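Just below is one structure, and these are the notes that go with it.
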């Protein structure tokens with residue numbers, strides 16, 4: 001307990017002094033405005049701090065899920081991708097790994113939980129007061145739970161003699177603070193941010209190692225590393241590559257559908273009250289309009305839609321998604337993958353796919369298929385000064401021109417023309 005509070009206070013002091021250090025950067029990210037962990041509808045609740053203090057107590061008393069038997073661990077945001085995480089790492093590292101998610105951390109005894117709560121009451125009470133009046137209510141409230149979970153992870157590390165952690169959700173606010181605690185206790189931290197742009201959530205990074213897995217990320221390193229405290233950067237294959245190898249392009253010249261739309265499920269996200277980042281919803285809605293207009297002008301009557309996993313949670317949601325897209329493309333034959341078929345399994349059906357910003361684009365590129373990004377309304381560029389920015393279409397005139405040209409190219413001609421062969425499965429980057 002003393003150690004956690006000591007590191008927290010050190011982070012706070014470094015931050016207010018303006019010192020550039022892993023401690024000040026950890027404090028900045030702990031209280032940055034955005035977080036995926038707090039539902040949008042709760043962010044206006046002035047009692048949110050109290051609710052997360054209660055969650056903290058529940059976490060302290062929660063029973064763990066199984067025993068950790070190895071000294072190397074995958075740490076994740078939830079257990080939904082457990083098998084994929086372990087399958088991916090099995091192709092890259094020789095380590096024998098255990099797995100734990102933040103929500104399955106083992107709690108402590110009632111007596112220890114009371115002592116912890118009493119010890120942290122001054123800090124947590126202060127955070128509750130701040131959260132009740134701050135516009136950044138979500139982050140201040142969430143930090144109460146995060147500090148508690150960081151303590152529980154440290155307990156697990158000490159109990160099971162963990163010496164290395166593969167950290168799979170480094171985009172969250174407490175990832176740097178957590179890394180400081182782990183590294184201070186002799187644990188090697190390897191953060192794995194997945195195939196996303198680093199500009200959004202990785203401007204400040206604290207870690208022993210950082211494992212990047214797609215071409216544009218390596219290009220972004222030089223732009224961001226000034227604010228990184230990282231000893232080494234690894235080059236790994238695209239996250240999930242082991243699943244995609246059976247679905248790579250066979251260079252067929254004729255495909256069933258000329259155009260495919262890669263959905264982010266914005267209609268469903270709005271139903272769930274999920275937050276839009278940087279006008280991503282509006283960009284996808286504009287893409288839907290551009291696709292509709294292009295199809296009318298070019299007499300294209302068939303469209304294939306790759307649904308997001310959020311649109312395939314249940315058969316009912318899946319049917320609702322199909323009805324939605326059929327209704328916004330009247331007079332068009334709209335087709336979809338079967339309910340239990342993943343998007344990459346149907347890549348060969350579509351000549352050219354379009355998406356505002358989906359990571360499915362990188363899967364298509366890896367498999368050797370054509371795709372464009374269309375982040376038209378994003379305030380922050382997705383891939384500034386990188387090779388993949390060449391296939392980002394933001395103006396409708398260029399959209400029409402580039403789509404028309406790309407439809408006539410073979411898959412390989414597309415890769416050669418836009419200089420994208422480093423994303424192709426034939427040029428998978430070696431890893432350490």
When you look at residue 102, is it surrounded by 18 or more Cβ atoms within 10 Å (Cβ to Cβ) and modelled with pLDDT under 95, yes or no? yes
May I ask you to verify whether residue 10 is in a loop (DSSP other than H, G, I, E, B), without any contact (Cβ under 8 Å) to a residue 60 or more places away in the chain and out of contact with any strand residue (DSSP E or B) (no Cβ under 8 Å at 6 or more places or on another chain)? no
Residue match in the range 57-68 (condition: on the phi < 0 side of the Ramachandran plot and touching a strand residue (DSSP E or B) at 6+ places or on another chain (Cβ under 6 Å)): yes
Can you pull out the residues in the range 207-219 that are surrounded by fewer than 20 Cβ atoms within 10 Å (Cβ to Cβ) and either under 19 Å from the mean Cα position of the chain (by Cα) or more than 25 Å from residue 19 (Cβ to Cβ) (or both)? 209, 218, 219
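Give the number of residues within the range 24-53 that are assigned to a helix (DSSP H, G or I), touching a residue at least 40 places away in the same chain (Cβ under 8 Å) and out of contact with any strand residue (DSSP E or B) (no Cβ under 7 Å at 6 or more places or on another chain). Give the derivation first.
Of the residues in the range 24-53, the ones assigned to a helix (DSSP H, G or I) are 24-30, 40-42, 48-53.
Adding the requirement that they be touching a residue at least 40 places away in the same chain (Cβ under 8 Å) leaves 25-30, 40-42, 48-53.
Adding the requirement that they be out of contact with any strand residue (DSSP E or B) (no Cβ under 7 Å at 6 or more places or on another chain) leaves 27-30, 40-42, 48-53.
Residues meeting the conditions: 13.
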For the range 8-17, state whether one or more residues are loosely packed, with under 14 Cβ neighbours inside 10 Å and within 27 Å of the chain's Cα centre (by Cα). no
Give the residues of the range 250-277 that are in a loop (DSSP other than H, G, I, E, B), farther than 15 Å from residue 328 by Cβ and without any contact (Cβ under 8 Å) to a residue 60 or more places away in the chain, sorted by residue number. 254, 272, 276
The lone condition residue 156 fails out of (1) more than 19 Å from residue 60 (Cβ to Cβ); (2) modelled with pLDDT under 95 is (1)
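The values are calculated or read from the model by the stated rules, or taken from the named source; none is laboratory data. This is a predicted model, so every value here is computed, not measured. In this analysis, Cβ positions are derived from the backbone assuming ideal geometry, glycine residues included, and neighbour counts consider all displayed protein chains.
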